[in-house]
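This report concerns only the one structure given below.
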Amino acid sequence: MSHEARLAELNVELPEPPAPAGNYVPIVRTGNLLFTAGHIAMIKGKVGGEVDPSQAHLAANSIAHSMLATLKRELGSLDKVKRLVKATGFVACTPDFTDHPKVIDGFSYTMAHVFGDAGKGARSAVGVPSLPLNTCVEIEAVWEVE
């Protein structure tokens with residue numbers, strides 16, 4: 001099944017791709033690799049504080065949809081994606097919060113559902129004291145494409 005057909009089967013409607021929040025481009029292609037700039041969630045605050053981990057997991061899921069929209073705008077079709085190479089997730093959290101991987105799983109599960117094994121790449125999940133615009137999660141990724 002194609003990636004586009006799988007997205008339709010999952011009843012996922014992609015949002016408008018986000019505009020850059022500064023002086024950068026949302027995606028850069030070099031050869032057969034695409035590097036996406038950090039995509040952020042709309043949920044504000046620190047995980048382990050005012051943001052519950054389950055809310056942050058959903059925020060990472062919403063970032064997945066946003067990133068898919070960015071990829072589709074760049075490529076014209078998600079069927080041109082060969083695989084997710086590497087995702088890096090940043091979680092704004094309290095000093096005692098340690099479940100960063102569970103938060104970023106919201107992104108990873110979505111990519112695996114859409115792309116199958118090709119949506120399972122290397123990954124890092126890192127806790128940080130703050131993120132742009134007080135968001136709770138930011139994710140960037142590298143993709144192999146046709």
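Structure data summary
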| read-out | value |
| --- | --- |
| Cα-Cα over 21 Å, subset of LYS44/LYS72; LYS72/LYS120; LYS44/LYS102; LYS82/LYS102; LYS46/LYS120 | LYS44/LYS72; LYS82/LYS102; LYS46/LYS120 |
| Over region 35-145, relative contact order from alpha-carbon pairs under 8 Å, at least 6 apart, % | 45 |
| Sorted peptide list for 16-22, 130-136, criterion being average Cβ within 10 angstrom, highest first | 130-136, 16-22 |
| Two-site label geometry, ASN11 and LEU33: point separation in nm, points 7 Å out along Cα→Cβ | 3.9 |
| Length gained when the stretch MET42-SER124 is fully extended (0.36 nm per residue, less Cα-Cα span) | 27.4 nm |
| Local net charge near PHE90, Cβ-Cβ under 13 Å (Lys/Arg +1, Asp/Glu -1) | 0 |
| With Cα atoms, 0 to 90° folded angle of helix 53-75 axis to the chain main axis | 30 |
| Listed peptides 30-42, 83-95 by packing density, highest first (mean Cβ within 10 Å) | 83-95, 30-42 |
| Which label in (i) 1.34; (ii) 1.23; (iii) 0.96 gives the computed Rg/Rh (Cα atoms, Kirkwood Rh) | (iii) |
| Fewest-first sequence of GLU138, GLU144 by Cβ atoms within 10 Å of each Cβ | GLU144, GLU138 |
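Readers should treat all values here as calculations from the given coordinates under stated rules, not as data from a laboratory. In this text the structure is predicted, and so the values were computed from the model without any measurement. Glycine gets a Cβ as well: all are built from the backbone with ideal geometry, and neighbour counts include every protein chain shown.
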